[in-house]
Each structure stands twice: as C-alpha cells, then as structure tokens.
1. Any chance you could look up the accessible area of Y84 with a 1.4 Å probe, heavy atoms only, rounded to 10 Å²?
2. Taking K and R as +1 and D and E as -1, what net charge do the other residues with C-beta under 12 Å from the C-beta of Q13 add up to?
3. Net charge within 12 Å of L77 by Cβ-Cβ distance, Lys/Arg positive one each and Asp/Glu negative one each, not counting L77 itself?
4. For a 23 Å ceiling on Cα separation, which of these pairs sit above it: K18/K83; K117/K295; K36/K83; K138/K237?
5. What order, most packed first, do the peptides 4-14, 213-223 have when packing is the mean number of other Cβ atoms within 10 Å of each residue?
6. Can you give the Rg and Dmax of the range 202-247 based on its C-alpha atoms, in angstrom?
7. If you count, for each residue, the other Cβ atoms within 10 Å and average over each peptide, how do 87-93, 67-73 line up from highest to lowest?
8. Could you order the peptides 113-121, 26-34 from most to least packed, using the average number of other C-beta atoms within 10 Å per residue?
Amino acid sequence: DLSRLLPLQPSVQSQLDKPSIIRLTLSYIRMQTLLKGQNVEEKERQEFMQSEEMNMYLRVMEGFVMVLSTEGDMIFLSDNVSKYMGLTQTELMGHNIFEYSHPCDHEEIRHNLRLTKRDFVMRIKSTLTHRGRSANVKSATWKVLHCQGRAKVCMASSAASCLLLTCRPLPLSHTLLSTHTFTSQHSMDMRFTYCDQRLASLLGYRPNELLGRSIYDLCHTLDTNCLNKNHLNLCLKSQSVSGQYRMMVKGGGYVWVESHSAVIPSSRPSRSRSMAHQPLCILTVTYVLSYPNDKNVYFIMFTSIGKIHEYIKLKAPTDRYSAGGQNFMGGQTSAWDVPPDHY
C-alpha cells in the first residue's frame, strides 16, 4: 500500500483517498529530490523536523513554513499550517498556490516567483472562523499572509530550484508591546489622527504636533518606496507589514522602524451614516528597532498658505546605502535637497 510509505501518522494515512495518495507521493518525491540537491541526509532532515528546536522556531515565528516550486506548486508545508489556516498539511501539499490564493494577487505572486529575495503580502483561503473553528472549504474566507524568503538553488543538476518562505498571518499578535513601540491611527491617506504618548520618548514629537500630518513627512526620502508599497497593500488587502524604514527624529537623525497596520472602521462613528457605511481608518503599531543614527539629518519646516512643507537636508549619510564616503550609486556623497513640491 503506497500510503504506508508516506511519512504521515497512521490515523492520517487511513483517511486518504487514491488521488490524495498520488498527490502527496509526488510532493514527497519532489521534496526528497530538493533535499538531495542541498546535500541533506534523510536521517538528518527527519531529526530536525521532529526536534523541539523546529517546534520552537514555529512558535516564535507565529506562522508556518512553505516550500514552493518556481511554478507555484506547494511542495511542503509545516504541519502547524492548520493552526493558522484551518486547512491541513495533507490538504494543501501538492496543490498549486494559485488554486488557493486571491485572483487579484496572482500577478504579484508570479512576479515574486521570479525574484531571489521575496517579501510580499498575499491573500489565501482560510477555513478558520472567528471563534477558531474549522469550516467547510466552500465557505472559506481570505486571510492575509506576510511572506518572506529566498530562492534555494539545488546543486544536483536533476533538481529544480525552490522557494523557501515563512508565512505569518496578519494582523500579527501585539501582546509583546514594550516601551520601544507606539500605536497610531491614520486616515486612509496616512495622515495622523491619533498617536500615543510613547512617541515623545521615542522620536521627540508631542502627539498633537503630528495630528493632520502625513507619515510620509517623517519618512526618510530614500525609503518612501517602502511606505508606498505598504500603503498600497493596505488599500487593496486591508493588512500589511511595512518592512524596515527610517523615521526622522525631532532632535535630529533617524531611527529604523517597522510598522504593522490594518484597516479598521473609524473609532468615531458618524451620526449621518449607518454602521455599514462607517469611514475607514488605519491602525498602526510601530516598532522602533534602533537608537537614533546620523544626527546630521534634520528638518527645516515652513508654512505657505496654510500648508506645511518639509525641506530635508542630509549630510553624508552613514548607513547601509553608503560606506566610506561613497553613496549607493558609487559616487561621492554630498548634501542633497528634496523640493517641497514632491508631495
């Protein structure tokens, strides 16, 4: 019986039909081929997958591991995928990611399948209800996943490359809030409508100083593409993780931060609108990841016809974009200006 050769619990093996056995067998063979290409011994792989170390990684990550082929086939998923998606490891392995992902995300997934380093957000079917119970796949809803990983090129000529991804459902758990995080609320164009008091100790701004201002005003200009991508994901998928970017400190310099955001109904209901048509806002938890860097970076603010503009000057930034007096384009670093009309 072919099902007995699969590395599955006997209780799971007995419930498999013939198509599922063939599908899982093919996935297992492909996985073995990939591991041989990486010179990983079967015994070593089994010991690691069953080890407490592996379980600890998955718990800390608050997500699951997925291995995709370059065509999008799900070759492997860690068995804790059911905890986050409702669908089990055996239900998903061997299927194509496009069968379970949102149609509007297919083009972005195809693009990321061609990249070496990947960091993107996609929506995938989930059978988990709000109470944590599993529903029928026909009534599945969309869950947003933050996926990060790299392509793995196999050494064996017969083995194809694969994508190793860590997938974390959004919104992430924020039970570990500390003095190095602050929460804020924004309108859909990313203007501050609320921020908590911890902002003063972390960035030097009083909360009322930022009300009505855009988060783009505080972002290092070289990192605006990072915020643009995050903003687009929020508008299309309702949840997103920004990735690391630099936020300006009031007293000079910048800190590295990462923002986790979700679109929610506005906390201030409108009397003229029903609950079904309440305006939306963006709730953000921002993690401060570093101490202030490069205190030569400073703001010059001025007002013109009631509109606040930022004029940012930078002097020889010393960060990952430059080293030894050279910028990331290979030339010498020098002061540069951002005109007020770039907004």
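1. The accessible area of Y84 comes to roughly 30 Å².
2. Values: positive: R4; negative: D1, D17.
Summing Lys/Arg as +1 and Asp/Glu as -1 gives -1.
3. Here the charged neighbours net out to -2.
4. Beyond 23 Å: K18/K83; K117/K295; K36/K83.
5. Values: 4-14: 12.7, 213-223: 19.2.
The packing order, highest mean first, is 213-223, 4-14.
6. Here Rg and the maximum Cα pair distance are 11.7, 32 Å.
7. Numbers: 87-93: 19.7, 67-73: 17.4.
Going by the mean number of other Cβ atoms within 10 Å, highest first, we get 87-93, 67-73.
8. 26-34, 113-121
The values are calculated or read from the model by the stated rules, or taken from the named source; none is laboratory data. Only a predicted model underlies this, so the values are computations on that prediction, with no experimental measurement involved. So basically every Cβ, Gly included, is an ideal-geometry build from the backbone, and we count neighbours across all protein chains shown. Surface areas here come from the heavy atoms of the whole protein model, side chains and all, with no ligands, DNA or RNA. Shrake-Rupley method; radii C 1.70, N 1.55, O 1.52, S 1.80 Å.
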